[in-house]
1. So if I check each of LEU170, LEU125, LEU111, LEU107, which one is among the hydrophobic types (A, V, I, L, M, F, W, C), within 12 Å of ASP14 (Cβ to Cβ) and either buried (at least 17 other Cβ atoms within 10 Å of the Cβ) or at pLDDT 95 or above (or both)?
2. Quickly run through the stretch 61-80 and pick out the residues that are part of a helix (DSSP H, G or I), over 28 Å from PRO34 (Cβ atoms) and open to solvent by 20 Å² or more (accessible area, probe 1.4 Å).
3. Return the total of residues in the stretch 60-80 being within 13 Å of the ligand (Cβ to nearest atom) and closer than 9 Å to ASP18 by Cβ.
4. Just the residues that are assigned to a loop (DSSP other than H, G, I, E, B), touching a residue at least 12 places away in the same chain (Cβ under 8 Å) and either away from the ligand (no atom under 12 Å from the Cβ) or out of contact with any Ser or Thr (no Cβ under 8 Å at 6 or more places or on another chain) (or both), please, taken from the stretch 14-34.
5. Look at the stretch 10-27 and say how many of its residues are in contact with a Phe, Trp or Tyr (Cβ under 8 Å, 6 or more places away or on another chain) and open to solvent by 10 Å² or more (accessible area, probe 1.4 Å).
6. Checking TYR103 against (1) more than 11 Å from the chain's Cα centre (by Cα); (2) under 28 Å from ASP18 (Cβ atoms); (3) touching a residue at least 40 places away in the same chain (Cβ under 8 Å), which test does it fail?
7. Does the stretch 41-57 include one or more residues that are over 26 Å from LYS177 (Cβ atoms), at pLDDT 95 or above and assigned to a loop (DSSP other than H, G, I, E, B)?
8. Identify all residues within the stretch 170-189 that are under 13 Å from LEU125 (Cβ atoms) and among the aromatic types (Phe, Trp, Tyr); write none if there are none.
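The values are calculated or read from the model by the stated rules, or taken from the named source; none is laboratory data. Keep in mind it's a predicted model, so treat the numbers as computed, not measured. Cβ sites come from the backbone with ideal geometry, for glycine too, and all protein chains shown count toward neighbours. Accessible surface is based on the protein model in full, side chains and every heavy atom, while ligands, DNA and RNA are left aside. Shrake-Rupley method; radii C 1.70, N 1.55, O 1.52, S 1.80 Å.
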Amino acid sequence: MTSLEDKPVVIVIDMLNDFITGKIQVERTKYIIPNIRRLINAAHENGVPVIYSNDAHYPQDVEVVNKWGNHAIKGTEGAKVIPELKPSEKDYIVEKRTYSGFYETGLDPLLRSLYKGDGARTIILSGLHTHMCVRHTAADAFFRGYSIIVAKDGVEAFTQKDHEEGLKYLENVYNAKIMTVDDIIKEFR
Ligand SMILES: [Zn+2]
């Protein structure tokens, strides 16, 4: 169901230095890096748009002040995409200031402008974290009528429990298809 007729896009969420090697890093998230790299490469080879949904915080942002402290502050090294997944020139970067990639950002108009103005229909989610930014972005995608696919070996969380419960919630509540990166790639072709 990710053939090109379903107008898929790959969204890469918060694969930023602060999340992988910096302030709020989690060791267990590192194994998804090569998987996301393969997903991005396959998207490039098959004309599937790639959108990076990146935290770019101001220090006074609600999420920074009330919960996580300073992380991915706009303009800092910590807010840059990790070198292994560096965006190419044809990729899109949409900055966000809270968990959802849609919340007060230009993501939805961008999605609607793709595929020669027909608009994307299927959102393939990868990145961090399964139970937070992936979940909130999936919620807003669902509310707007997009189909959702989650790359189960391309998303991660702080703990195995967070990750597994996160996947279950995405499937149960947003009707997300939970697929491996390799199975997603097969459907591009
Ligand atoms: Zn944040």
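1. Working: LEU170 fails: within 12 Å of ASP14 (Cβ to Cβ); LEU111 fails: within 12 Å of ASP14 (Cβ to Cβ); LEU107 fails: within 12 Å of ASP14 (Cβ to Cβ).
Going through LEU170, LEU125, LEU111, LEU107 in turn, just one is among the hydrophobic types (A, V, I, L, M, F, W, C), within 12 Å of ASP14 (Cβ to Cβ) and either buried (at least 17 other Cβ atoms within 10 Å of the Cβ) or at pLDDT 95 or above (or both): LEU125.
2. Here is the first cut: in the stretch 61-80, the residues part of a helix (DSSP H, G or I) are 62-68, 77-79.
Narrowing further to those that are over 28 Å from PRO34 (Cβ atoms): 62-67.
Scanning the stretch 61-80 gives VAL62, VAL65, ASN66, LYS67.
3. Summing the residues that are within 13 Å of the ligand (Cβ to nearest atom) and closer than 9 Å to ASP18 by Cβ in the stretch 60-80 gives 7.
4. The first filter runs over the stretch 14-34 and keeps only residues assigned to a loop (DSSP other than H, G, I, E, B), leaving 14-15, 21-26, 30-31.
Those still in the list that are touching a residue at least 12 places away in the same chain (Cβ under 8 Å) too: 14-15, 21-24, 26, 31.
Once the filter is applied, which keeps residues that are assigned to a loop (DSSP other than H, G, I, E, B), touching a residue at least 12 places away in the same chain (Cβ under 8 Å) and either away from the ligand (no atom under 12 Å from the Cβ) or out of contact with any Ser or Thr (no Cβ under 8 Å at 6 or more places or on another chain) (or both), the stretch 14-34 yields MET15, THR21, GLY22, LYS23, ILE24, VAL26, TYR31.
5. Residues that pass the stated criteria total 3.
6. (3)
7. Yes, there is a match, as at least one residue in the stretch 41-57 is over 26 Å from LYS177 (Cβ atoms), at pLDDT 95 or above and assigned to a loop (DSSP other than H, G, I, E, B).
8. Scanning the stretch 170-189 gives a single hit, TYR174.
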